[in-house]
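Any read-out appearing in this document is the output of simple, stated calculations on the displayed coordinates, not a laboratory observation. Computed from a predicted structure; not experimentally measured. Using ideal geometry, Cβ is built from the backbone for each residue, glycine included, and neighbour counts are taken over all protein chains shown.
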């Protein structure tokens, strides 16, 4: 008799841990009726700002909105270029293109999967050749690991451009004593259910120490309203976080640090069991990861994935195509015709089950399945 398939991300285990406290939090919103921007939203924003060590936290309807609103506040538009890694989810470049600006694709580091700062100069050159003015960089903390912000921020300062940290997968990580939320000029994160801190639907947040910019983004998330909701002072969008989602996040935030510890323990067990068989992720000096995903690199990735599936071990590929090879993004500038690291990674990366409630027994099963396919 075959074993029950493992969960790639076990949200039910977290739900069981929170129990009646979550029920009561949701029902409290149902009873008071402040479903949009209710008191839990303000409380969440205050607690998130305190957690990250910033003065401003602006909740919003999704991680994509969290990327879009800062760009709108900065006035990004046609003729502007924004440098982005090509090995990332589409939303990173999508928000740039939606505003009529141009994403310029940069290759990534083969170890951390994050933007390689050595490619930034070439990206500015590519933008200039296309007749574009480079205005900023979106650095992605892929799989929970912070991007190399010191050289990225130094480059941005030298060139007079901003840095937007895409922390959709990394909320809770740290780098040189700074939490995600304090990277760049603005940090955006996602509360999609599968993220390290996730709600029960879509949600996101933006972090900054720029009070004026924060005020603009708060206006933009409610149709650009001014002092009166029927006096719209700018063109905005509807990007508000539902109060029930804020209530959910407040409960999850109360156990979040404990879950980060559990994620690191799971990552350590994987590294110990798999390090001699495949290329396992390695943390940069001074960094901690939120371990949104545990992603290995392996030759003949698809064959291993099929073998693991047969053994009841789910896997995912993030991402089978870098953005510069995807249909909608092929025409945008890049540092070179070929971005070799990203193209190689897309053929070799494989994400294994990862969540705070992954037991040692279940991980032994994952490791045994990998060993059975690749050999000891």
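Listed values, structure above:
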{"quantity": "From the options 67, 44, residue that is under 17 Å from the mean Cα position of the chain (by Cα) and buried (at least 19 other Cβ atoms within 10 Å of the Cβ)", "calculated": "67"}
{"quantity": "Count of the range 316-327 residues which are out of contact with any helix residue (DSSP H, G or I) (no Cβ under 8 Å at 6 or more places or on another chain) and either within 11 Å of residue 107 (Cβ to Cβ) or touching a residue at least 12 places away in the same chain (Cβ under 8 Å) (or both)", "calculated": "2"}
{"quantity": "Number of the condition not met by residue 277 [criteria: (1) in a loop (DSSP other than H, G, I, E, B); (2) touching a strand residue (DSSP E or B) at 6+ places or on another chain (Cβ under 8 Å); (3) under 20 Å from residue 372 (Cα atoms)]", "calculated": "(2)"}
{"quantity": "Residues that are closer than 22 Å to residue 257 by Cβ and without any contact (Cβ under 8 Å) to a residue 24 or more places away in the chain, drawn from the range 2-23", "calculated": "12, 15, 16, 19, 20"}
{"quantity": "Residues located in the range 48-81, provided they are part of a helix (DSSP H, G or I) and without any contact (Cβ under 8 Å) to a residue 40 or more places away in the chain", "calculated": "50"}
{"quantity": "Unmet criterion (only one of (1) in contact with a strand residue (DSSP E or B) (Cβ under 9 Å, 6 or more places away or on another chain); (2) assigned to a helix (DSSP H, G or I); (3) over 14 Å from residue 143 (Cβ atoms)) for residue 314", "calculated": "(2)"}
{"quantity": "Residue list for the range 320-340, restricted to those being outside any strand (DSSP E or B) and crowded, with 19+ Cβ neighbours inside 10 Å", "calculated": "322, 323, 324, 329, 332, 333, 335, 339"}
{"quantity": "Sole exception among (1) surrounded by fewer than 15 Cβ atoms within 10 Å (Cβ to Cβ); (2) more than 24 Å from the chain's Cα centre (by Cα) for residue 15, by number", "calculated": "(2)"}
{"quantity": "Flag if residue 186 is in contact (Cβ under 8 Å) with a residue 12 or more places away in the chain, crowded, with 19+ Cβ neighbours inside 10 Å and more than 16 Å from residue 61 (Cα to Cα)", "calculated": "yes"}
